[in-house]
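Student: Pasting in a structure now, in structure tokens, and then I'll have a few things to ask.
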Amino acid sequence: MKRRKTIIILAAVFACLIAVIAIEKAAVRHVDKINTIDEIITDISPDDVTAISLKTADGTLALSLEDGTWQDSSDAAFPIDQDTVSDFLSHFESIHACFVIDDVADYSPYGLEDPEATVTLTIADADPLIVDLGGYSTMDSQRYVGIGDDKAYLVEDDLMEYVSVDRNAFMLNDTPPEITTITDISIQGANDLHIFRDEELVCDYNDYSDWFIELDGVNYPLSDSNARTLVQNINGIGFTDYTTYTASSEDLSSYGLTDPSAITITITGKANDGDDAELNSYTITLGHVVTQEADEENEEECSASVRMGESEIIYSLAPDVYHAIAEADYDSLRPSELLHLDWDTVNGITFTLDGIDYELTRTENNAEDSDDKESDDDQEDEYIWLLGEKEVDISDLKSAANALAAESFETADKGNTQEVAVTFTLDNEDYPSVSAALYRYDSSDCLALINGEQAGLVSRSLMADLKEACTALTLAADKSE
């Protein structure tokens, strides 16, 4: 019994060995049929192609050449990008193969029995070119291709990257003219705006911004970051997610593009970064439609659209982008900081507390070096500030002045109670000084005036910091006497 069991086990092992040898020999025969080549296996002229048929697991797409223009065979109105079609054909014009497998009896190992894609090119006065795209060889980093000649090829260029049955991949979308730097934006809508970028313009005591707004013929500096955010919102509008490509003039109202709420934006900018760069310009229109079910809390029930120039293509636009642009105004673009001081140019300070004026003067720090003196790198300032003849530290005053920011830009009756006022004398011929005065408004805010003009409401805590810094300077001077 034991001997019989041993014979059965040996027979099973022998059978396995025979199977392994058979598989190895089959593999050797298969490898022997693979030849390294360096050949062009297709040779067509894209100009001779009259039709394109694409088939994948996702569906089919057919393009045809009509009167020299490529179009969707099932929808002639669909805008086809002729350059995209030409680029597609260029990849099938001369397919380069690195390996060939001759006399293929079974295409399934190469994914060509049921190919991932089939490209059929109809060629004038010639047989059509049918290209099957099979499996991808991860070992070779190449794809198997068949062209109907009983062979399988490995090609370097993965042609699947160019095959799509989504006609949107071939769509001729609207494209803005080339602009590397936007220099001017004009918005007409609920809030008419004209903002522009000028690196050379200075219309304030500190050149802190490159973006300006024109109001009643006067230029005002904007917050660079706020202006850039608006520019990014406009510049980031995409022209790919279309709603319709056949909009007539009668259709525009359904997208809110002819409503009073519609926004027309003209964007102008430099075509390149050269000093003599030409300016390019284009216009877009934004529309907003609120459905009957919508309310202020349900933005998903709203839709927004964008149209370039007089194009028949209408693209969808995120409602939040529409609102960000529609609600842009001077107050949303101006800086909240009320003072933009370059402290190197401040050479005098006068502040008023309880009706009493105090004057700070600046003088050079000519102290001689000593072993116990801080190094130059550790010194806060190269200047000494004096209140009368007493040296004082103005670092808290600097911080409080820099922190002044408007919570809102409301205008109101300033009343008669002035909390604190500071005037900074500047080393600037065009703008010799700038003043900030804070008046009591209510229990939480003060009204700020900059150079006598209302600049908005400031938190009382910020006013208190400034007032406390000024008070501390007077106390420090008194103690040193």
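Student: Report the full-extension gain for the segment Val218 to Asp149: residue separation times 0.36 nm, less the Cα-Cα distance, to one decimal in nm.
Tutor: Values: separation 69, 0.36 × 69 = 24.84 nm, distance 7.59 nm.
So the extension gain works out to 17.2 nm.
Student: Can I ask one more? According to the Cα gyration tensor, what semi-axes, each the square root of 5 times an eigenvalue, does the equivalent ellipsoid of the range 149-297 have, listed from largest to smallest in whole Å? The partial results should precede the final answer.
Tutor: On the way: eigenvalues 300, 140, 37 Å².
Semi-axis lengths for the range 149-297 are 39, 26, 14 Å.
Student: I'd like the distance separating the alpha-carbon centroids of the range 407-471 and the range 130-179, in whole Å.
Tutor: After rounding, the separation between the Cα centres reads 67 Å.
Student: Find which of Ser281, Asn191, Gly68 sits farthest along the positive direction of the dipole of the chain, computed with +1 on the beta-carbon of Lys and Arg, -1 on that of Asp and Glu, about the Cα centre.
Tutor: Value: Gly68.
Student: Which Cα, out of Phe351, Val49, Ala472, lies furthest along the positive dipole direction of the chain (beta carbon charges, K/R +1, D/E -1)?
Tutor: Val49
Student: Between Asp396 and Gln454, what is the FRET efficiency for a Förster distance of 25 Å, r being their Cβ-Cβ separation, to the nearest 0.05? Display every interim value, and only then the final one.
Tutor: Details: r = 26 Å, r/R0 = 1.05.
The computed FRET efficiency comes out at 0.45.
Student: Once you keep just the Cα pairs under 8 angstrom separated by 6 or more residues, what percentage relative contact order results for the range 435-481?
Tutor: Values: 48 pairs, mean separation 11.6, N = 47.
This gives 25 percent for the range 435-481.
Student: Determine the principal axes of the Cα atoms in the chain, then give the extent along each, sorted from largest to smallest and rounded to whole angstroms.
Tutor: 116, 78, 54
Student: Ok, one more. For the chain, with the dipole built from +1 on Lys and Arg beta-carbon atoms and -1 on Asp and Glu ones, taken about the Cα centre, which of Ala405, Ala247, Tyr205 lies farthest toward the positive end?
Tutor: Farthest along the dipole direction, towards plus: Ala247.
Student: On to the next question. Report the relative contact order of the chain, percent, no decimals, based on alpha-carbon pairs under 8 angstrom and at least 6 residues apart.
Tutor: Details: 853 pairs, mean separation 43.7, N = 481.
It rounds to 9 percent for the chain.
Student: Report the number of Lys pairs in the chain whose alpha-carbons are under 17 Å apart, with separation of 8 or more residues or on distinct chains.
Tutor: On the way: Lys25/Lys33; Lys33/Lys151; Lys390/Lys479; Lys398/Lys467.
Here the count comes out as 4.
Student: If R₀ is 25 angstrom, what is the calculated FRET efficiency for the pair Asp329 and Leu279, using the beta carbon separation as r and rounding to 0.05?
Tutor: On the way: r = 26 Å, r/R0 = 1.02.
FRET efficiency, Asp329 to Leu279: 0.45.
Student: Which angle between 0 and 90 degrees, to the nearest 10, do you get for helix 82-93 versus the longest principal axis of the chain when only C-alpha atoms count?
Tutor: 40 degrees
Student: What is the magnitude of the charge dipole of the chain about its Cα centre, with +1 placed on the Cβ of each Lys and Arg, -1 on the Cβ of each Asp and Glu, and no other charges, expressed in debye to the nearest 20?
Tutor: On the way: 25 positive and 103 negative charges, 664 e Å.
Value, rounded to 20: 3180 debye.
Student: Right, something else. At a Förster distance of 56 Å, what's the computed FRET efficiency of Thr36 paired with Ala77, Cβ-Cβ distance as r, to 0.05? Walk me through the intermediate numbers first.
Tutor: Values: r = 49 Å, r/R0 = 0.88.
The computed FRET efficiency comes out at 0.70.
Student: First obtain the Kirkwood hydrodynamic radius of the range 62-199 from its Cα pairs, then insert it into the Stokes-Einstein equation at 20 °C and 1.002 mPa s, and state the resulting D in µm² per second as a whole number.
Tutor: On the way: Rh = 18.5 Å.
In µm²/s, the coefficient rounds to 116.
Rule-based calculations on the coordinates, nothing more; no lab input. Everything numeric in this text was worked out from a predicted model, so none of it was measured. Using ideal geometry, Cβ is built from the backbone for each residue, glycine included, and neighbour counts are taken over all protein chains shown.
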